[in-house]
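Below you'll find the structure, written out as structure tokens, and then a few comments.
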Amino acid sequence: MSIDVEFEPQAGLKMKFSATSQKDVVDKMSAYSEIFGISQCQACKSKYGIRWQTRNVTSTPAGKKKPETFTYRELVCKNSECRARLSFGSLQEDPESLFPKRKDADGKYLPNGGWVVFQGKKQGGEEVPASNDAADASF
Ligand SMILES: [Zn+2]
């Protein structure tokens, strides 16, 4: 059986997908809501809104000799006083899917639901997180 679903995880973002069962409908709506249902920065909770950002960073990971380019997909707070970011990762077993990074490298939940406020810049232009290191290259 094929079920055609029209779904609006938030106002102004409509999507269509096909599902094979009721469970498949719920699983897909759940996955899309987790990514596309986010509408507010959890660091400042302002009404300025958020936007998507994709950026490529080339660096040499620890223990490797060749530089690699990593693509970071993030939500960015539009409040100029905040500019917090929520980073997204992808699982090795499903590299086309995203999940919000709400935990640090030690598996502990980050404050503000993973929204990290960055302050200042290091040499080389890479920004420094104010409270924790969300700019790891694990995806
Ligand atoms: Zn914010």
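Quick note: the coordinates plus some simple rules give every number you see, no bench work behind them. Just so you know, these numbers come straight off a predicted model, no measurement behind them. Neighbour counts run over all protein chains shown; Cβ positions are idealised from the backbone, glycine included.
Of LYS78/LYS101; LYS14/LYS108; LYS28/LYS64; LYS66/LYS108; LYS28/LYS65, which pairs sit farther than 28 Å apart, going by alpha carbon to alpha carbon?
The answer is LYS14/LYS108; LYS28/LYS64; LYS66/LYS108; LYS28/LYS65.
Viscosity 1.567 mPa s, temperature 4 °C: Stokes-Einstein D of the chain from its Kirkwood Cα radius, in µm² per second?
Reported coefficient: 77 µm²/s.
What percent does the relative contact order of the chain come to when contacts are Cα pairs within less than 8 Å and at least six residues apart?
With pairs under 8 Å counted, the relative contact order is 15 percent.
Lys and Arg at +1, Asp and Glu at -1: add these up for the other residues within a Cβ distance under 14 Å of GLU8 and post the number.
Result for the local shell: +2.
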